[in-house]
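The values are calculated or read from the model by the stated rules, or taken from the named source; none is laboratory data. Being a predicted model, the structure only gives us computed values, none of them experimental. Positions of Cβ are backbone-derived with ideal geometry, glycine not excepted, and every protein chain shown enters the neighbour counts.
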Amino acid sequence: MQIFLYLLVALTFHFNCIGQTTGNNYYSQKLENELWRALADSGKYNDAINILLDSLNTNKHKNNHGTYWHVGQLYACNNEYAFALKYIKKSTSFFDKLFDREWRLYYKGTIAFLKKDKEKLKIYNYKLWNKHSDYYYFNACKLNALYDNFDKPYLVAYNITCK
């Protein structure tokens, strides 16, 4: 009887945890995430931005720095660099800027590109490209593409494949 009681408690705990993580909020966030990405992939940046801004405004992702980053990138793809800078600057916490060297270089390099500061971008690109982990290889490639294609719009430069 005691084993049955332990099993019942364990199963109740397990299903309660699953119910909390797979509720409607989880699925609505997943659908929202898929929707804005599909819109962005089809070039409908304003529609994707509106979905993400609505998400931020309804407190669903108030502390989600990644959402701010994506909004900034979408504005950059739309050649609206002032708005892009506003959101990208909100995307990274003080601690990430302080302790994550590779992210800090990518973050500052992207800002330098958007501000059209080639000298700063050159420094950040050089530092990241010459010393990055496997985890940040993609970011190093993208920053390198931004530097090598500095005179092109963000969308064109960002979409250059890594060499």
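Modelled with pLDDT under 95 and closer than 21 Å to Y107 by Cβ: which single residue out of A40, A76 fits that description? Lay out the reasoning, then the answer.
Values: A76 fails: modelled with pLDDT under 95.
Checking each option against the conditions leaves just A40.
Which of (1) at pLDDT below 95; (2) in a helix (DSSP H, G or I); (3) of a type outside the set (A, V, I, L, M) does H132 not meet, given it meets every other one?
(2)
What helices (runs of 4 or more DSSP H), lying completely within the range 71-126, carry at least 1 residues that are charged (D, E, K, R) and surrounded by 15 or more Cβ atoms within 10 Å (Cβ to Cβ)?
The helices (runs of 4 or more DSSP H) meeting that bar are 81-90, 101-114.
May I ask you to verify whether L155 is at pLDDT 95 or above, closer than 25 Å to G43 by Cβ and under 19 Å from the mean Cα position of the chain (by Cα)?
Against the criterion (at pLDDT 95 or above, closer than 25 Å to G43 by Cβ and under 19 Å from the mean Cα position of the chain (by Cα)), L155 qualifies.
Would you pick out the residues in the range 133-163 that are in contact (Cβ under 8 Å) with a residue 60 or more places away in the chain and either of a type outside the set (A, V, I, L, M) or within 10 Å of F113 (Cβ to Cβ) (or both)? Quick ask: steps written out before the conclusion?
Step one: list which residues in the range 133-163 are in contact (Cβ under 8 Å) with a residue 60 or more places away in the chain, which gives 153-155, 158.
Matches in the range 133-163: P153, Y154, Y158.
If T161 passes every condition in (1) at pLDDT 95 or above; (2) not in a helix (DSSP H, G or I) but one, which one does it miss?
All conditions are met except number (1).
Y136: within 22 Å of Y75 (Cβ to Cβ) and buried (at least 16 other Cβ atoms within 10 Å of the Cβ), yes or no?
So Y136 does not fit the description; no.
Checking K108 against (1) in the same structural domain as I51 (by TED's automatic domain parsing); (2) under 20 Å from V156 (Cα atoms), which test does it fail?
Of the numbered conditions (1) in the same structural domain as I51 (by TED's automatic domain parsing); (2) under 20 Å from V156 (Cα atoms), the odd one out for K108 is (1).
Among (1) more than 25 Å from N33 (Cα to Cα); (2) of a type in the set (V, I, T); (3) within 13 Å of the chain's Cα centre (by Cα), where does I123 come up short?
Unmet for I123, out of (1) more than 25 Å from N33 (Cα to Cα); (2) of a type in the set (V, I, T); (3) within 13 Å of the chain's Cα centre (by Cα): (3).
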